[in-house]
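Enquirer: Shown below is the structure under consideration.
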Amino acid sequence: MEQDFEERNRKYQSQIQEFCLMHDTFMSKVFEDKKCTELVLRIILNRDDLIVDHVNCQQDIKNLQGRSIRMDILAHDRKGVIYNIEVQNDDAGADPKRARYNSSLLDANITEAGDDYDQLRETYVIFITRNDVLGSGLPIYHIDRTIEETGEKFKDDAHIIYVNSSIQNETKLGKLMQDFWCKRGEEMNYDVLAERVSFFKEKKEGVNQMCEILDEVKRESKLETLVDLVKDGAIPLDIAAKKANMSEEEFKKYL
């Protein structure tokens, strides 16, 4: 086991050291810790009373047609409010219609058949973006539906927020965005994030967990490539299944 750890550590060490919270794989591991997610939500929403009750990272959510989307962070607080936090380095990944889609998936997956509409929970879809996607030079954008004729809020309790990580100043939010780009815990402003980042970069247990995640990412990438090759008719099913180390029946589930 020690030899396996050392071999994997050497294999992935440089990659792990380059990670920051703007990398979704690394970010998802850090924010499995409720205190880390709670800190981020408190700062973005400017609330000191918010208590995170539950966090799921890299969770697949399906629409009615069975198409799934993997959400970076899905959390809820003690009052039942649902939060989806996404880190987006690609402007296209933070398109307004992507925000709308995520919001609709939250609604569809937190209700059961026969539920009254007033049982829909309050939701937040939060994009933390590399660039100023909305283009007005602001550090944060709050999007809520309004009644056009009166300017009043529609009060459907569905909120979308864009956080521009390129603005890093001495405000609480600016310091948080600095932390999202730091590669070393000792350089970060917020201790709860710094300790978690250092754990995955410096502690044996944390580094080993990251190595396991990177192994899984590599396997998933290989499987996705094989699935595409079979769909395109480039290789037969039996050969693809063999390369994926699974039976043909198992492989068919991914087609």
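The values are calculated or read from the model by the stated rules, or taken from the named source; none is laboratory data. Just so we're clear, the structure is a prediction, and the values are computed from it rather than from any experiment. Reconstructed Cβ throughout: ideal geometry from the backbone, glycine too, with neighbour counts over all protein chains shown. Surface accessibility is based on the protein's heavy atoms, side chains included, excluding ligands, DNA and RNA. Shrake-Rupley method; radii C 1.70, N 1.55, O 1.52, S 1.80 Å.
Enquirer: I want to verify a result. In a Gaussian network model of the chain, Cα cutoff 10 Å, which of these has the top mean-square fluctuation: ILE235, ILE82, ILE16?
Expert: Highest fluctuation of the listed residues: ILE235.
Enquirer: So, one more: Just reorder LEU134, LEU237 by solvent-accessible area, largest first, 1.4 Å probe, all chains present.
Expert: LEU134, LEU237
Enquirer: Here is a further query. Taking the highest mean first, how do the peptides 127-133, 191-197, 86-92, 220-226 order by number of other beta carbon atoms within 10 angstrom per residue?
Expert: Put in order of decreasing packing, that is 127-133, 191-197, 86-92, 220-226.
Enquirer: Still on this model: Rounded to a whole number, what % of the accessible area of the stretch 94-219 do carbon and sulfur atoms account for, probe 1.4 Å?
Expert: C and S fraction of accessible area: 47 percent.
Enquirer: Taking the full set of protein chains and a 1.4 angstrom probe, give the accessible area of ILE143 in square angstrom, rounded to the nearest 10.
Expert: Only protein atoms counted, so the area is about 70 Å².
Enquirer: Probe of 1.4 angstrom, ligands and nucleic acids ignored: what's the accessible area per residue over the chain, in square angstrom?
Expert: 59 Å²
Enquirer: Determine the order of SER136, SER28, SER104 by accessible area, beginning with the largest, at a probe radius of 1.4 Å.
Expert: SER136, SER104, SER28
Enquirer: Then there's this: Of LYS11/LYS218; LYS218/LYS242; LYS11/LYS242; LYS34/LYS62; LYS97/LYS218; LYS34/LYS204, which sit over 19 Å apart, Cα to Cα?
Expert: LYS11/LYS242; LYS34/LYS62; LYS97/LYS218; LYS34/LYS204
Enquirer: A follow-up question, please. Just one of (1) 63, 48, 34; (2) 66, 41, 36; (3) 65, 37, 28 is Cα extents along the principal axes in Å as worked out from the coordinates here. Which one is it?
Expert: (1)
Enquirer: Suppose R0 equals 30 Å. What FRET efficiency, 1/(1 + (r/R0)^6) with r the Cβ-Cβ distance, do ASP156 and GLU32 give to the nearest 0.05?
Expert: Efficiency computed from Cβ-Cβ geometry: 0.50.
Enquirer: Then there is this: How do THR25, THR123 stack up against each other in accessible area, from largest to smallest, with a 1.4 angstrom probe?
Expert: Largest accessible area first, the residues go THR25, THR123.
Enquirer: Take each uninterrupted DSSP H stretch in the chain, measure its Cα extent along the helix axis, and return the ones at 30 Å or beyond whose mean Kyte-Doolittle hydropathy is at least -1.0.
Expert: For the chain, where a helix must reach 30 Å along its axis and average at least -1.0, the hits are 204-231.
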